[in-house]
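Below you'll find the structure, written out as structure tokens, and then a few comments.
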Amino acid sequence: MENLKTLPGLPGPLGASLREDGVNFAVFSRNATKVTLVFYNNASDCEETSCVELDPELNRTGDIWHVFVPGLKAGALYLYKVDGPFEPSQGHRFNPKSLLFDPYAKALTDVSLFHNLPPTYQTPVDKMDVELCEARHNFQFPKCVVVDDNAFDWQGDKPINRPMVDSVIYEVHAKGFTAHESSGVEHPGTYRGFVEKLPHLQRLGITAVELLPIYEFDEYENTNVNPRTGERMKNYWGYSTVNFFSPKAGFSSDKTPGGCVNEFKYLVRELHKAGIEVILDVVFNHTAEGNEHGITLNFRGFDNSIYYTLVGSHKEYYMNFSGCGNTFNCNHPVVQDFIIDCLRYWVLQYHIDGFRFDLAPILARDADGSLFRVPPLTRRISEDPILSKTKIIAEPWDAGGAYLLGNFPGGRWAEWNDRYRDSIRKFWRGDEHLSTDAATRISGSSDLFALSGRKPWHSINFITCHDGFTMNDLVSYNGKHNEENGEDNRDGTDSNWSYNHGYEGPTKNPSIERLRTKQMKNFILTLLISQGTPMLLGGDEFRRGQQGNNNAYCQDNELSWFDWTVAPLNDRLITFTRRAIAMRKAHAVFRHPEFFKGEHSGMQADIRWYDVDGSLPDWNDISRFLAFTLGGSSVTNEDGKPDNDFYIAANTDRHDVMVTLPSLPEGEQWYRVADTSIEADDSIVEFGRCEPLRSQGRYVVPAGAMIILIAK
């Protein structure tokens, strides 16, 4: 084994930094006694070809270990070994025989650690286990890749930074979007394949994709077995990060070491050319290393006591507010810097427009697990000058019981609004006395966000997301059907607020199918006329289903992948969704930057509510009906002119209702824009092609339908 010639190197930046004459390596470890950098010639090698033992006198500055290797180039493959105390009761789990990923590695080779892990592998629990532990490099192990950050031609691209108030988000899995054979792309299930399907997204008119995790994760971490097929399940969603600076190599059609970097940049660049922003779903709340029985990959081996929140006087155990075995010690200064460095890297090097933070309250927890009143990290993310134009979105709950909806700390954070999801589902299901709550959600959830000084667009409104039923399944199943997850249907929520319309699952009954399609149009239209930022689940626009599985985290197969054969069968729903998005983008009344004030200062009301007969509603009594007008004079469209007035009514009852329409100024008439009871394409009209109503005083709103009228 060759020992390389080296220079002392520099303590920053952390990670492997390519220079003209070599590569500088720098890693953090406060409690290590020895750090060794090892190199490999090929991704498949099990034995290292050379190594560098870092001298604590020459190669250490404070808590940073560093070395410069002259002549090394992009594409070099490396890992670390770190020695130090193995004292779990004190929080230390150093193991000199464990190979470690660089926490700042910019790419990993496309090899599954968990797939290759020997069945005899056991996590060391005491010093004797460490001594007896076989070196892990006797089987194929992923390698870190030295990356040239300047090797991609961005062609002048920059982050779009569209205002959140003007955004329509489309949540989608980077692989599942094109993995199905029906996608018809040349590179299915990859970043490049995703680009091939951009015309569909452009046709829809969405403004941003929110990608499920693309930070490097290992799908073979999951060991569940499908009880029907006997096949091993996978971690499909990716909420178990292995490396935070690395795009998942398995999603790249370019399988050369580091090829995923330029291919993901290509995806971002092409999305930007199409006017579509890129938001990454990021998981800083825990890592793939698991609990005290988990495997050492990087953070645990470099400094377990720093990176994780440990249990008080029993530091051999991990606090578990993530539900996944461990909790990242996010507000430790070193870990704060790591997270900020990571976010900055993705903005600067990948031109990312925003981030959605999974189980975000963990970002607000102290080392003892308690919630900060003013968390240092969430404020740093909000105030960071490089991140200042990026979208930051919190999932405002965690597995430890924290629920911070409307109160997520740190300033400008937007939040996933599950109250919106549940209220609108119940309202359209026809539950009694949901009109008041639905009105609050549709008008921007001021009860949740106004007191903290935030705006309607800080509410991320959604009916469905990756976690739960698709919209097709929401209208097709009364209960979850997760049997194929291998957990006896115990997993996944039972609070779905769904309705199958008379038959459980797929049916050829045309009456039921008409009801289901109408209900999906109701959901989509409600979402897109609500104040706040709408988020669609990818595939809902053409009735993508998952056979009633509401927790398909482990289904990396046709159950979860987009079946594009369904799209032409539901082209009318795609057209409906496209036109609804276009309507929202064309009219500022659906995108108020401030909460409604009603009638004020002698101006026309920005919103006014009505009962069926045109009177003001009795909010204590109204049920299964909702109607209101949006005053266009309170906002201006892109042409600088005031918007039109709109009348919107929703009837969730089983009977049609005749509504009395508000009177209009002389010379104006009501025109029908949408009526979800109409089966033809004109259930919502193309922008500017609506026709005036024959009767300007009344309109029949059919049972289980929504109408939109515009005044012109």
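Working from Cα pairs under 8 Å separated by at least six residues, relative contact order for the stretch 596-648 is 29 percent. One quarter of the surface of the convex hull around the alpha-carbon atoms of the stretch 399-530 equals 9.5 nm², the direction-averaged projected area.
Expressed as a rounded percentage, what relative contact order does the chain have, with Cα pairs under 8 Å and six or more residues apart?
Working: 1659 pairs, mean separation 72.8, N = 712.
Result for the chain is 10 percent.
Ordered from longest to shortest, the equivalent ellipsoid semi-axes for the stretch 434-478 are 26, 13, 7 Å, each the square root of 5 times a Cα gyration tensor eigenvalue. Think of each Lys and Arg Cβ as +1 and each Asp and Glu Cβ as -1; about the Cα centre, that makes the dipole of the stretch 403-461 roughly 220 debye.
In this view, the solvent-accessible surface of residue 447, computed with a 1.4 Å probe and all protein chains in place, comes to about 80 Å². Ranked by the mean number of other Cβ atoms within 10 Å of their residues, highest first, the peptides 659-667, 421-429 fall in the order 421-429, 659-667.
When N is the residue count of the stretch 5-156, what does its C-alpha Rg come to as a fraction of 2.2 N^0.38 Å? Intermediate values should be presented prior to the final figure.
On the way: Rg = 16.2 Å, N = 152, 2.2 N^0.38 = 14.8 Å.
Working it through for the stretch 5-156, the quotient is 1.09.
State whether the stretch 54-112 is rounded, prolate or oblate according to the following rule on the C-alpha gyration tensor (a ≥ b ≥ c being the square roots of its eigenvalues): a/c under 1.5 gives rounded; otherwise a/b larger than b/c gives prolate, and the remaining case gives oblate. Oblate shape, in that a/c is at least 1.5 and b/c is the bigger or equal ratio.
Using equal-weight Cα scatterers in the Debye expression, the normalised intensity of the stretch 372-463 in log10 at q = 0.13, 0.15, 0.22, 0.24 Å⁻¹ is -0.48, -0.61, -1.09, -1.22.
In debye to the nearest 20, how big a dipole does the stretch 503-621 give about its Cα centre with +1 on each Lys and Arg Cβ and -1 on each Asp and Glu Cβ?
Numbers: 15 positive and 15 negative charges, 104 e Å.
In total the dipole reaches around 500 debye.
When every Cα-Cα distance of the stretch 70-184 is counted in 10 angstrom steps from zero, the calculated P(r) takes the values 10, 24, 27, 20, 16, 4 percent. Against the empirical curve 2.2 N^0.38 Å, the C-alpha radius of gyration of the chain lands at a ratio of 1.02. Note on the chain: antiparallel DSSP beta bridges, both residues inside, total approximately 70 percent of the bridges counted. Kirkwood radius and radius of gyration were both taken over the C-alpha atoms of the stretch 141-202, and their ratio Rg/Rh is 1.06. You can think of it this way: the chain between residue 155 and residue 691 has 188.5 nm of extra reach, that is 0.36 nm per residue less the Cα-Cα gap. One decimal place: the segment residue 89-residue 388 gains 103.6 nm when fully extended, by the rule 0.36 nm per residue minus the C-alpha distance. The overall shape of the stretch 247-392 is oblate: from the C-alpha gyration tensor, with semi-axes ordered a ≥ b ≥ c, the ratio a/c is 1.5 or greater and a/b is no larger than b/c. Gain on full extension, evaluated as 0.36 nm per residue between residue 604 and residue 511 minus their Cα-Cα distance, stands at 29.2 nm. Solvent exposure of the chain, expressed per residue, is 38 Å² of accessible area, with all protein chains present and a 1.4 angstrom probe.
Averaging the inverse of every distinct alpha carbon separation and then flipping it gives the Kirkwood radius. What is it for the stretch 20-94, in angstrom units?
Details: mean 1/r = 0.0738 Å⁻¹.
That comes to 13.6 Å for the stretch 20-94.
Among complete DSSP H helices in the chain, those whose alpha-carbon atoms stretch at least 20 Å along the helix's long axis and whose mean Kyte-Doolittle hydropathy reaches -0.5 are 259-273, 333-350, 510-529, 571-586.
Using the beta-carbon distance between residue 664 and residue 116 and R0 = 56 Å, what value does 1/(1 + (r/R0)^6) give for FRET efficiency, to the nearest 0.05?
Details: r = 71 Å, r/R0 = 1.26.
So the FRET efficiency works out to roughly 0.20.
The peptide list 454-460, 578-584, put in order of mean Cβ contacts within 10 Å with the highest first, becomes 454-460, 578-584.
Distance from the alpha carbon centroid of the stretch 95-115 to that of the stretch 643-712 works out to 59 angstrom. Stokes-Einstein diffusion for the stretch 492-608 at 10 °C, viscosity 1.306 mPa s, with a Kirkwood radius from C-alpha pairs, works out to 94 µm²/s. Can you give me the C-alpha center-to-center distance between the stretch 484-504 and the stretch 276-349, rounded to a whole angstrom? Result: 32 Å between the Cα centres.
In the stretch 501-591, Cα pairs under 8 Å separated by at least six residues give a relative contact order of 35 percent. In terms of its alpha-carbon gyration tensor, the stretch 155-282 comes out prolate; a/c meets the 1.5 threshold, and the first ratio a/b outweighs b/c. Figure legend: label point modelled 7 angstrom from the Cα of residue 274 along Cα→Cβ; residues of the stretch 233-265 with amide N under 16 Å from it are 264-265.
Sorted by average packing, counted as other Cβ atoms within 10 angstrom per residue and highest first, what order do 533-543, 553-563 take?
Numbers: 533-543: 25.9, 553-563: 21.0.
Highest to lowest by the protection proxy: 533-543, 553-563.
Could you please state how large a percent of the accessible area of the chain is carbon and sulfur, counting protein chains only and using a 1.4 Å probe? Carbon and sulfur atoms account for 48 percent of the accessible area of the chain.
Remark on the stretch 605-709: Rg and Dmax equal 14.0, 42 Å (Cα only). Here the label points at residue 140 and residue 125, each 7 Å from Cα along the C-beta direction, are separated by 3.2 nm in the simple model.
Using a 1.4 angstrom probe with every protein chain in place, what is the largest-first accessible-area order of 513, 594, 181? Could the numbers behind the result be given before it?
Working: 513 55, 594 90, 181 160 Å².
Solvent-accessible surface, decreasing: 181, 594, 513.
Per residue of the chain, the DSSP helices (runs of n ≥ 4 H) give a summed -39500 (n - 2.57) that works out to -5500 deg cm²/dmol at 222 nm. Bridging of residue 389 to lysines at a Cα separation below 16 Å is possible for 158, once same-chain residues fewer than 8 apart are set aside. Legend: distances between Cα atoms for 175/248; 234/391; 97/127; 455/518; 73/175; 5/34; pairs beyond 21 Å are 234/391; 455/518; 73/175.
The values are calculated or read from the model by the stated rules, or taken from the named source; none is laboratory data. Fair warning: this is a prediction, and the values are worked out from it, not measured in the lab. Here Cβ is always computed from backbone atoms with ideal geometry, including for glycine, and neighbour counts include all displayed protein chains. Just so you know, the surface numbers come from the protein's heavy atoms only, side chains and all, with ligands and any DNA or RNA stripped out. Shrake-Rupley method; radii C 1.70, N 1.55, O 1.52, S 1.80 Å.
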